[in-house]
Amino acid sequence: MVLNQLLRQNEVVAYFLYGLAYFSMGTTLLAVLRRPSGLPLIRALPWLAGFGIVHGVYAWIEMLMLVPGYAQLSTTRLFFAVLHLAPLGISAGLLFQFGVTLIRNLMVDGRFLRYLPLSFFGAWLLTSVVFGATGGPQGLSINGDVAARYLLYLPGSIASGVAFYLQYRLLNGRKYGRFALYSLAVAGFFLLNAFFAGVIVPKALFWPASALNVDRFYKAFGLSSIDFRALCAVGVSTFVFLGTRVFDAEESAARKRRENELEEERRIARVLQESLLSPTPYIEGVEVKVYYKPATARMIVGGDFYDFIELPDGRLAMVIGDVSGKGLNAAVLTSTAKNTIRAFMYEDPSPASVLKRANQVLTNVVLPGEFVTVLVVVLGFDYEFDYASAGHPPILLSGADCRYLEDAQGMPLGIFASSKYIERTGKLSSYGFMLLYTDGLIDARRGADFFGDEGLRDSVRRLRALDASGIANGVARTALEFASGNLHDDMALVVLRRTRDRLGKFAA
């Protein structure tokens, strides 16, 4: 008896908690609506969020009904009767719409349910108008409330309970066990809510509200239905909130899948790219050293490549290039560019001619935004060489001094089919060397500072007395130390040093 009296005396608290639970649920769901998700629940949540907010407001308005003066206004003034009734009808309609929407999303064919909430909402509006016209504000306030519970809140709670049960089965099938149980708990609380809010209604003159109502329930059990409604509200809001964490689990699983896919793509691209890196040739009269290091930045695979080609007349052609982009696409384009250039080298080994014809081919196959930078060098028997560049970093030539050969620059391949390329001639002095490289070398960075052209030239000047291997390894080591070992792009460099008076035989 003491407990009954205590609960009866604290109905204001029950109404407040009832409203707070639903209002908090609605506002929490608003933050979830834009989460990426493949679950059907996400498309129905706007309706549930709307229900929570509006029904929370309704509960607080209903709390005012405990104040005698306000209760009298709601039964004697049309404005206050509508103010009391509208949030109930709207929120119950939103709940009905949520349940039907989620059921339709989870069922193979739920089209027959499509217009059910709207039809019931229209029926409620019509009956409310009739009650208002025949019974005035009092008839509208009391009978309209009962009609909203029968026509909207009862089927809405049942539909939502069924929907969450279907959601439980879906999640359980996808091995989201904990979140599936949360959905099952919400389903149970909604079905309880259907009884305590949709069956136990305010007393009215018509059946069944005249026989089964809040007054009869209190007389039979000594408890107010609002206490159970508040319990259902807290249960629904708690487990809905816990259930929304399924989107975190889903996002985490999707992120893990993407990482695995990217890792596999990176592995394939790396294998493909490294299969395209030509072996270092042995040629009488020169030392050749290649240094290649992939990017250390996670999940990045660049498009660096190099090639050594023995021309039909015995001369040596060297190609070094870099494909825009990263990953598998870059590796595939690398293969296309390298093989295209190699094929044209056998037809006409003029560097400018090779670049022009390769550009015409690649312009037709690259995707928008893709391009290839290439440097082609053809070395003759007397160490004279012809060279042309398609947007690639220039040759660094060392002899009496160290200088960049920047007089043969052209557009990268794959941008404009009509691009033309300039060919220039140089000579490798006695025991001089040339350095070919990709931009991963000069783009090595320390904070906002880059290794750059001057850093490369300074390191070459310090190392110029070494053999080709010492120069290549020393330059690479200097760049890596500058960048603290972290490369954001692949780094490739080729050092060719003259050791005799005449170029000899080629052996790959």
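The values are calculated or read from the model by the stated rules, or taken from the named source; none is laboratory data. Because the structure is a prediction, the values reported are computed rather than measured. Note: ideal-geometry Cβ built from the backbone for every residue, glycine included; neighbour counts use all protein chains shown.
One residue alone among ALA21, ALA14 is at pLDDT below 90, more than 24 Å from ARG169 (Cα to Cα) and crowded, with 18+ Cβ neighbours inside 10 Å, and that residue is ALA14. When the stretch 382-397 is filtered for residues that are crowded, with 24+ Cβ neighbours inside 10 Å and among the small types (Gly, Ala, Ser), the ones remaining, listed by number, are ALA388, SER389, ALA390. No other residue among ALA49, ALA44, ALA14 is closer than 19 Å to GLY93 by Cα, assigned by TED's automatic domain parsing to the domain that holds THR238, part of a helix (DSSP H, G or I) and touching a residue at least 60 places away in the same chain (Cβ under 8 Å) apart from ALA44. Of all the residues in the stretch 338-366, those that are touching a Leu at 6+ places or on another chain (Cβ under 6 Å) and either more than 14 Å from VAL319 (Cα to Cα) or in contact (Cβ under 8 Å) with a residue 60 or more places away in the chain (or both) number 3.
When we screen ARG477, ARG461, ARG457 for residues that are of a type in the set (Lys, Arg), surrounded by fewer than 22 Cβ atoms within 10 Å (Cβ to Cβ) and either free of Cβ contacts under 8 Å to residues at least 40 places away in the same chain or part of a loop (DSSP other than H, G, I, E, B) (or both), the only hit is ARG477. From the list GLY303, GLY369, which one is surrounded by fewer than 19 Cβ atoms within 10 Å (Cβ to Cβ) and either touching a residue at least 60 places away in the same chain (Cβ under 8 Å) or under 36 Å from the mean Cα position of the chain (by Cα) (or both)? The conditions single out GLY369.
Let's see how each residue does on (1) assigned to a strand (DSSP E or B); (2) closer than 20 Å to SER353 by Cβ:
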position: PHE416; (1), (2): no, yes
position: TYR421; (1), (2): no, yes
position: GLY426; (1), (2): yes, yes
position: GLY440; (1), (2): no, no
position: ASP453; (1), (2): no, no
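Scanning the stretch 137-178 for residues that are in a helix (DSSP H, G or I), surrounded by fewer than 17 Cβ atoms within 10 Å (Cβ to Cβ) and free of Cβ contacts under 8 Å to residues at least 12 places away in the same chain yields a total of 5. Restricted to the stretch 331-405, the set of strands (runs of 3 or more DSSP E) holding at least 3 residues that are assigned by TED's automatic domain parsing to the domain that holds PHE433 and not hydrophobic (A, V, I, L, M, F, W, C) comprises 384-390. If you go through the stretch 432-445 one residue at a time, do you hit one that is touching a Gly at 6+ places or on another chain (Cβ under 6 Å) and under 25 Å from LEU311 (Cα atoms)? Scanning the stretch 432-445, I find at least one residue that is touching a Gly at 6+ places or on another chain (Cβ under 6 Å) and under 25 Å from LEU311 (Cα atoms), so the answer is yes. Looking across ALA253, ALA187, ALA230, one residue alone is outside any loop (DSSP other than H, G, I, E, B), surrounded by fewer than 18 Cβ atoms within 10 Å (Cβ to Cβ) and not hydroxyl-bearing (Ser, Thr, Tyr). It is ALA253. Here PHE112 does not qualify as closer than 30 Å to TYR165 by Cβ and either touching a helix residue (DSSP H, G or I) at 6+ places or on another chain (Cβ under 6 Å) or outside the structural domain of LEU45 (by TED's automatic domain parsing) (or both). For the stretch 235-247, the criterion of a residue being farther than 30 Å from ILE142 by Cβ and part of a loop (DSSP other than H, G, I, E, B) is satisfied by at least one position. Kindly check whether there is at least one residue in the stretch 199-218 that is closer than 30 Å to PRO40 by Cα and not polar (S, T, N, Q). For the stretch 199-218, residues closer than 30 Å to PRO40 by Cα and not polar (S, T, N, Q): present.
For the stretch 83-124, filtering for residues that are loosely packed, with under 15 Cβ neighbours inside 10 Å and either more than 39 Å from the chain's Cα centre (by Cα) or aliphatic (A, V, I, L, M) (or both) leaves 6.
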